[in-house]
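Participant: Quick one: this structure, given as structure tokens, is what I'll be asking you about.
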Ligand code: NAD
């Protein structure tokens with residue numbers, strides 16, 4: 001058998017090759033460890049193949065297409081506006097394929113053994129043994145980085161069928177643009193697909209159970225996003241409870257209850273984006289005594305599961321379910337295993353939604369800061385008076401900063417507008433370095449840039465705003 005010729009003893013075996021697993025593998029290899037990574041589907045995991053990356057490719061097509069509506073504002077003309085949908089989707093798949101090959105290259109470069117197949121864990125010596133097909137991989141450390149998948153609610157008909165009811169997987173590779181679309185859930189996944197399909201002409205209605213869309217965002221940002229999306233033709237039912245989704249030949253009917261009234265919405269297709277659940281099944285975790293709560297592996301702050309030699313990082317270890325959080329946790333975990341003093345595990349984690357307009361945030365919302373008794377000092381600055389935004393024709397949105405009223409530390413930042421997902425990192429670094437208003441106000445921001453609004457929002461919190 002092919003497996004018998006291989007040396008199946010490693011320092012570390014990582015299960016799952018998403019941004020949690022593959023980044024951890026590279027770092028482990030850099031630290032001189034002998035590493036294997038097990039993957040049952042595609043290198044790069046959901047993020048590269050079915051999530052972050054291919055959605056960004058689709059959204060770029062949508063953004064460019066929408067810009068064509070505004071060509072006259074820039075003094076430009078185009079003869080015929082249109083799109084070839086198959087090519088839009090094909091480009092997104094090509095982008096994923098390129099990055100998937102990139103991960104394969106990185107694994108080879110770092111001498112990481114890639115083992116394709118589904119992993120199961122059995123009781124082992126220092127750590128559980130990882131069984132993949134006919135191979136038994138033994139290691140001193142095993143790291144679970146198996147990620148998560150779409151949550152479904154079969155009790156009310158919210159489970160995908162690939163035809164009329166989609167999760168993000170089907171929504172990424174559609175054959176055509178549905179004329180009418182219902183998106184259930186207004187988190188990042190729901191809003192990004194709503195934004196994409198609306199841009200390409202779908203009549204889109206988003207249903208959200210909580211009182212406002214993008215409920216994890218600061219309330220002012222949620223409100224502004226709602227208004228901006230409505231301006232683009234998106235419709236919302238907020239708050240609304242889904243009572244039942246039924247399918248017919250022509251599409252779906254979604255019975256909702258909103259404001260004490262029942263209503264039935266019809267569409268060709270529904271996308272279910274009501275959160276995610278961890279991939280914890282069929283690996284033998286229960287038999288090993290791994291603690292699982294609400295579909296996630298319970299760990300300490302450093303990824304240890306309590307089972308000797310077994311760790312969990314990223315989505316499978318719980319929220320926030322973000323690629324960059326997974327990589328951060330993975331690097332922290334392996335550096336600790338190697339005896340180093342890794343970066344702070346509690347570094348602030350930004351969140352981004354790549355709709356039009358974009359939304360980005362880090363740290364506490366104003367309401368959370370108040371709840372924590374931080375006596376917040378809040379600053380705001382709108383892009384409509386920012387020179388670069390005016391020159392670019394991107395004046396929608398604003399920046400909001402939240403400072404601790406006692407210490408002056410930046411404890412939250414919230415942005416909505418063009419390219420804010422690229423700008424939020426300025427505040428992330430500031431928060432990671434525990435910057436206060438003095439540092440942010442004393443920093444020089446390049447002119448003309450939209451980032452000047454970040455400076456102004458910091459000045460505004462202390463009554464020093466310049467351009468309003
Ligand atoms: P989510 O939890 O962020 O949002 C789901 C939304 O659905 C919530 O607002 C919830 O209130 C609502 N909801 C739940 N049940 C409902 C029901 N029965 N009817 C109507 N609404 C209902 O989950 P998601 O958008 O599916 O995304 C999953 C995870 O992936 C999130 O943590 C998200 O941050 C992450 N993600 C991030 C990005 C990004 O960074 N751009 C993109 C996609 C996903």
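The values are calculated or read from the model by the stated rules, or taken from the named source; none is laboratory data. None of the values given here were measured: they were computed from a predicted structure. Positions of Cβ are generated from backbone atoms using ideal geometry, with glycine treated the same way; all protein chains shown enter the neighbour counts.
Participant: Determine which single condition residue 220 fails, assuming it passes every other condition in (1) under 30 Å from residue 396 (Cα atoms); (2) touching a residue at least 60 places away in the same chain (Cβ under 8 Å); (3) more than 12 Å from the ligand (Cβ to nearest atom); (4) outside any helix (DSSP H, G or I).
Facilitator: (4)
Participant: Collect the residues in region 156-192 that are more than 19 Å from residue 248 (Cα to Cα) and near the ligand (Cβ under 7 Å from one of its atoms), keeping them in residue-number order.
Facilitator: Within region 156-192, 185, 186, 187, 188, 189, 190, 192 meet the criteria.
Participant: I'd like the full set of residues that are in contact with a helix residue (DSSP H, G or I) (Cβ under 8 Å, 6 or more places away or on another chain) and closer than 15 Å to residue 190 by Cβ, limited to region 209-231.
Facilitator: Listed by number, the residues that qualify are 212, 213, 214, 215, 217, 225, 229.
Participant: So, in region 196-208, exactly how many residues are farther than 18 Å from residue 251 by Cβ and either in contact with a strand residue (DSSP E or B) (Cβ under 8 Å, 6 or more places away or on another chain) or within 11 Å of the ligand (Cβ to nearest atom) (or both)?
Facilitator: Matching residues across region 196-208 total 1.
Participant: Kindly state which strands (runs of 3 or more DSSP E) lie completely within region 246-311 and contain at least 3 residues that are more than 14 Å from the ligand (Cβ to nearest atom).
Facilitator: It comes to 261-267.
Participant: Of all the residues that make up region 419-436, how many are away from the ligand (no atom under 16 Å from the Cβ) and within 18 Å of the chain's Cα centre (by Cα)?
Facilitator: Within region 419-436, residues that are away from the ligand (no atom under 16 Å from the Cβ) and within 18 Å of the chain's Cα centre (by Cα) number 0.
Participant: Also, I was wondering about something else. Of (1) at pLDDT 95 or above; (2) farther than 26 Å from residue 325 by Cβ; (3) not in a loop (DSSP other than H, G, I, E, B), residue 176 satisfies all except one. Which?
Facilitator: (3) is the only condition that residue 176 fails.
Participant: What is the residue count in region 4-32 for residues that are over 23 Å from residue 324 (Cα atoms) and at pLDDT 95 or above?
Facilitator: The total comes to 5.
Participant: Is at least one residue of region 111-119 out of contact with any strand residue (DSSP E or B) (no Cβ under 9 Å at 6 or more places or on another chain) and either within 16 Å of the ligand (Cβ to nearest atom) or in contact (Cβ under 8 Å) with a residue 60 or more places away in the chain (or both)?
Facilitator: no
Participant: Answer yes if at least one residue in region 142-155 is under 30 Å from residue 178 (Cβ atoms), within 16 Å of the ligand (Cβ to nearest atom) and part of a helix (DSSP H, G or I), and no otherwise.
Facilitator: yes
Participant: Where in region 1-106 are there helices (runs of 4 or more DSSP H), lying wholly inside it, with at least 3 residues that are surrounded by fewer than 16 Cβ atoms within 10 Å (Cβ to Cβ)?
Facilitator: Output list reads 52-67.
Participant: What is the residue count in region 312-343 for residues that are in a helix (DSSP H, G or I) and within 18 Å of residue 142 (Cβ to Cβ)?
Facilitator: The number of residues fulfilling the criteria is 14.
Participant: Is it the case that some residue within region 384-392 is at positive phi and either buried (at least 17 other Cβ atoms within 10 Å of the Cβ) or under 23 Å from the mean Cα position of the chain (by Cα) (or both)?
Facilitator: No, because not a single residue in region 384-392 is at positive phi and either buried (at least 17 other Cβ atoms within 10 Å of the Cβ) or under 23 Å from the mean Cα position of the chain (by Cα) (or both).
Participant: Looking at region 457-468, which of its residues are more than 21 Å from residue 217 (Cα to Cα) and touching a residue at least 12 places away in the same chain (Cβ under 8 Å)?
Facilitator: 459, 462, 464, 465, 467, 468
Participant: So residue 348 fits all but one of (1) farther than 30 Å from residue 309 by Cα; (2) surrounded by fewer than 23 Cβ atoms within 10 Å (Cβ to Cβ); (3) in contact with a strand residue (DSSP E or B) (Cβ under 9 Å, 6 or more places away or on another chain); what number is the exception?
Facilitator: The failed condition is (1).
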